[in-house]
1. Please go through segment 1-21 and pick out each residue that is over 14 Å from the mean Cα position of the chain (by Cα) and either of a type in the set (Lys, Arg) or surrounded by 13 or more Cβ atoms within 10 Å (Cβ to Cβ) (or both).
2. Anything in segment 67-81 that is of a type in the set (D, E, K, R) and more than 14 Å from the chain's Cα centre (by Cα)? List them, or say none.
3. If we keep just the residues of segment 37-66 that are surrounded by 12 or more Cβ atoms within 10 Å (Cβ to Cβ) and either closer than 24 Å to residue 6 by Cα or of a type in the set (Gly, Ala, Ser) (or both), which is farthest from the chain's Cα centre (by Cα)?
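The values are calculated or read from the model by the stated rules, or taken from the named source; none is laboratory data. Just so it is clear, the structure is predicted and the values come from calculations on it, not from any experiment. Reconstructed Cβ throughout: ideal geometry from the backbone, glycine too, with neighbour counts over all protein chains shown.
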Amino acid sequence: MSSPISWEARHYAAWNSPVGVERPIVSLIEAADEYVRSQVTLAREERDEEDWYDYVLGAGIGEVISGIRVLLNGDIGRLDGGACDAHLVRLAEMANFDLDLMEMAR
């Protein structure tokens, strides 16, 4: 009798080799991640700011992140919704966007 595969193993297998509905979810999260991280890097390296704060662009990516979170309520294949959501919440925090209030945090 084989032991069940852990949720972490299923999630990371889906993340690294997504199939079906997993593909667009992974792609959307990766795109949001790349956008936020690139803006944070630009703020720190080019503008010598401690963090990235842009009322227009930050709110825009916050809306995108919120929309991706809604998609986690549907079929997401082998992905773990909690792990995906936690990653999206961290991205929103990096963008200084409050997902509860749906507005910039400061």
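1. Selection gives 7, 10, 11, 12, 13, 14, 18, 21.
2. Residues satisfying the conditions are 75, 78.
3. Checking each candidate, the answer is 43.
Every residue, every condition in (1) modelled with pLDDT of 95 or more; (2) part of a helix (DSSP H, G or I); (3) in contact with a His (Cβ under 7 Å, 6 or more places away or on another chain), yes or no:
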{"residue": "35", "(1), (2), (3)": "yes, yes, no"}
{"residue": "38", "(1), (2), (3)": "yes, yes, no"}
{"residue": "43", "(1), (2), (3)": "no, yes, no"}
{"residue": "53", "(1), (2), (3)": "no, no, no"}
{"residue": "60", "(1), (2), (3)": "yes, yes, no"}
{"residue": "67", "(1), (2), (3)": "yes, yes, no"}
{"residue": "77", "(1), (2), (3)": "yes, no, no"}
{"residue": "90", "(1), (2), (3)": "yes, yes, no"}
